[in-house]
Amino acid sequence: MDLANSVVTIPLSKSGLTRHVFLNRTALAILQAQPSRLKSPYVFASATGETPLHPKNFLNRHFLPAVKRAGIVDFRWHDLRHTFASRLTMAGGDLRTVQELMGHQTVTMTMRYAHLAPSHLREAVQRISRVRGDTLSDTRPESSEAPAANLA
């Protein structure tokens, strides 16, 4: 974990590769507020901070009890990833960026979030609405030269 650069490194991700997860200001502030995080290189450290907390221990001792205290029903750890991708897409994140941040190997996995961002389609169509000449069908490249005289 590199709080100075707002990055958490996952040495062995589900895909078998090392991943780097960037933290936004909110996540960084939460981590910095935890004194134990300043002593350990791990986000979820054991009591000594010398080793990572075993995932099952974290899930059963911390995550699931917190979900229960919050009164959230039918919520799984993986739902946090889905929420991140959904919110990023709805905030205007393009699908290629969502793919990269989620660590999806193919854009097919990321496409499940495409319906959350119809605005990118609207914006793409608006890019061609600029008038480039006397007619809407003018396909000549923009030029500083005056148009040729009509010879007919």
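Would you mind checking which residues have amide H under 5 Å from Ile10's amide H? H placed 1.01 Å from N; only 5 or more apart, or other chain.
Arg19, His20, Val21
Using the beta-carbon distance between Arg81 and Glu123 and R0 = 30 Å, what value does 1/(1 + (r/R0)^6) give for FRET efficiency, to the nearest 0.05?
FRET efficiency, Arg81 to Glu123: 0.70.
Search the structure for amide H atoms under 5 Å from the amide H of Leu53, placed 1.01 Å from N in the peptide plane, and list their residues when 5 or more places away or on another chain.
The list, which skips near neighbours in sequence, is Phe44, Ala45, Ser46.
Summing Lys, Arg as +1 and Asp, Glu as -1, what charge do residues with Cβ under 15 Å from the Cβ of Trp77 carry, Trp77 excluded?
Its environment carries a net charge of +4.
Report the label-to-label distance for Met111 and Leu3 in nanometres (one decimal), using points 7 Å from each Cα along the Cα→Cβ vector.
Result: 4.2 nm between the two label points.
Once fully extended, how much extra length lies between Val21 and Asp74, figured as 0.36 nm per residue of separation less the alpha-carbon to alpha-carbon distance?
16.5 nm
Where a number appears in this text, it was derived from the coordinates with a stated rule and is not lab data. Keep in mind that what you see is a predicted model, and the values were worked out from it rather than measured. Every residue, glycine among them, receives a Cβ derived from its backbone with ideal geometry; neighbour counts consider all protein chains shown.
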